[in-house]
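The values are calculated or read from the model by the stated rules, or taken from the named source; none is laboratory data. Everything numeric in this text was worked out from a predicted model, so none of it was measured. Note that we place each Cβ from the backbone using ideal geometry, even for glycine, and neighbour counts take in every protein chain shown. When the accessible area is computed, the model is the full protein with side chains, heavy atoms only, and any ligands, DNA or RNA have been set aside. Shrake-Rupley method; radii C 1.70, N 1.55, O 1.52, S 1.80 Å.
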Amino acid sequence: MSPAAAATPRILVADDQRDVREALRLLLKGEGFATESASSPAEVLHLLDRAAFDVVLMDLNYTRDTTSGHEGLDLLAAIRRADSTVPVVVMTAWATVELAVETMRRGARDFVEKPWDNARLLSIVRTQVELGRALRRGERLEAENRVLREDGQREGGQGTRLIARSRSMEPVIDLIERVGPSDANVLVTGANGTGKSLVARQLHAVSRRAGKPLVTVNTGGLSDTLFESEVFGHVRGAFTDARSDRVGRFELADGGTLFLDEIANITPSQQAKLLRVLETGEFERVGSSRTQQVDVRVISATNADLAQEVADGRFRQDLLFRLKTVEIRLPPLSERPEDVPALAAEFLERHARQYRKRLRGFTEPALSSMLTYAWPGNVRELDHAVERGVLMARGERVDAADLGLTPQAAERVQRIEDMPLEEVERLLIRKALARFDGNVTHAAHFLGLSRSALYRRLEKYELG
């Protein structure tokens with residue numbers, strides 16, 4: 001979404017080096033952002049006290065020392081106290097896993113290493129502008145939409161924000177940025193526990209519907225009568241237990257977004273009823289003949305292969321077309337190890353607060369065990385492991401043993417550094433083809449090869 005699509009976003013750039021501030025000012029100005037600069041923590045807090053900003057882009061090191069980031073971490077905590085809604089992106093030339101975890105624990109939304117990549121930095125800023133604005137809109141509607149948000153904004157095992165620093169998540173972020181502002185229906189796919197409901201929430205947050213409700217219905221396993229009642233509502237006396245009128249989820253989501261989770265599990269009868277409302281926007285409550293019209297964007301999610309379900313006759317192809325204007329595929333956590341420290345830090349903060357424990361983070365062995373574990377249960381399993389670690393921890397930090405990741409459960413595929421060169425190349429080609437749905441042109445571009453070079457390797461490795 002272009003910054004010019006709404007009021008000009010204002011970015012506060014904080015760094016003690018004038019050249020860095022000027023470089024960022026010029027970069028952001030060229031993309032339509034307005035900036036103000038600060039050279040010290042005190043100046044940052046002064047500017048935040050005087051005006052509102054969409055994003056704070058801040059260095060971690062100022063005058064106290066040169067590499068530890070302590071001064072920046074203290075500033076980050078002060079910013080969160082001053083304005084809990086402003087997204088903070090931290091920068092440093094002295095990046096470590098522990099430092100990244102600590103910044104996320106203290107409330108940073110993302111972490112950028114110096115020297116930065118212009119395209120990635122701009123992408124992060126754009127995303128955080130939209131998410132920050134959505135958060136402010138949500139706070140203004142807190143009282144009115146409390147019940148709806150509790151129903152529609154489930155965490156889905158990945159906290160309250162989308163953490164995506166890994167390369168395998170770049171296509172996800174790109175699609176959210178491009179598709180989110182539209183009204184296009186989106187199908188989110190991925191294994192259990194990968195955070196599909198969180199992606200739905202982010203799509204809603206960056207859309208023009210963000211000020212309206214996001215309503216969720218878990219469609220898996222509902223009987224036909226219960227499905228109709230949940231989705232379309234019912235009138236009093238429609239069936240035995242219908243003692244009063246009930247508003248359905250489509251009505252609640254009017255003007256907003258409806259998230260249909262586990263969509264592959266609905267019956268043929270339910271598919272037909274859902275197809276009608278997607279095509280016309282019209283439906284009737286159970287027991288009523290009055291047709292109602294709604295304006296709803298639909299986001300659905302499944303861990304099933306819907307194309308195969310269609311081929312096997314279990315899912316309607318015309319319904320799939322309506323649900324899948326765009327598909328966003330979430331990779332398993334095993335393919336995004338760069339995100340593990342930040343996710344773990346968020347879960348640690350949440351569970352430590354829940355169980356009233358004072359914890360400062362993870363030990364190095366704990367971090368190492370999380371980075372090498374296969375995570376068959378994906379982000380949800382990481383959340384549960386960290387929760388266990390919080391409960392079991394005796395000291396100020398969660399240790400590896402506290403997490404309960406047994407050696408048997410931690411078996412992982414062979415490490416790349418232990419594989420022969422040809423096996424590494426074969427693996428990378430297979431992953432690239434899978435990422436781009438077999439599109440050789442896109443896979444070749446991603447791998448830095450020509451089409452002909454990739455075709456030669458496909459033939460060599462019998463991957464055709």
### Task
Measure nothing fancy, just the Cα-based angle from helix 268-280's long axis to the longest principal axis of the chain, in degrees from 0 to 90, nearest 10.
70
### Query
Mind ordering 200-208, 398-406 by average Cβ neighbours within 10 Å, highest first?
200-208, 398-406
### Share antiparallel - DSSP beta bridges, the chain, percent rounded to 5
10
#### Entry: Per residue Cα convex hull volume in Å³ - calculated over the range 275-383
188
### Task
Go through LYS29/LYS114; LYS29/LYS196; LYS273/LYS324; LYS212/LYS324; LYS114/LYS431; LYS196/LYS357 and tell me which ones have a Cα-Cα distance over 24 Å in this structure.
LYS29/LYS196; LYS114/LYS431; LYS196/LYS357
## Note on the structure
Counting only residues 5 or more apart in sequence or on a different chain, those whose built amide H sits under 5 Å from that of ARG397 are ARG360
### Task
Using the heavy atoms of the protein chains and a 1.4 angstrom probe, tell me the accessible area per residue for the chain in square angstrom.
48
### Message
Return the equivalent ellipsoid semi-axes of the chain as a descending list in whole Å, where each equals the square root of 5 times an eigenvalue of the C-alpha gyration tensor.
### Response
38, 29, 24
#### Entry: Signed unit charges on C-beta, dipole axis of the chain, positive-most listed residue SER289, PRO268, THR103
SER289
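On a full-extension model of 0.36 nm per residue, what is the gain between PHE321 and ALA78, subtracting their alpha-carbon distance, rounded to one decimal in nm?
82.6 nm
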### Estimated [θ] at 222 nm from DSSP helical runs (n ≥ 4, -39500 (n - 2.57)) normalised by residues in the chain, nearest 500
-14000 deg cm²/dmol
### Message
I need the Kirkwood Rh of the range 180-224: take the reciprocal of the average 1/r across all distinct C-alpha pairs and report it in angstrom.
### Response
12.0
### Message
Below 8 Å, C-alpha to C-alpha, sequence gap of six or more: please give me the relative contact order for the chain in percent.
### Response
12
### Query
Carbon-plus-sulfur fraction of the accessible area of the chain, 1.4 Å probe, in percent?
49
### Gain on full stretching of the segment that runs from LEU391 to VAL235 - 0.36 nm per residue minus C-alpha separation
51.5 nm
## Note on the structure
To the nearest 10 degrees, the tilt of helix 142-152 (Cα long axis) against the first principal axis of the alpha carbons of the chain is 70
### Task
Return the inverse of the average 1/r over all pairs of distinct C-alpha atoms in the range 1-60, which is the Kirkwood hydrodynamic radius, in Å to one decimal.
11.7
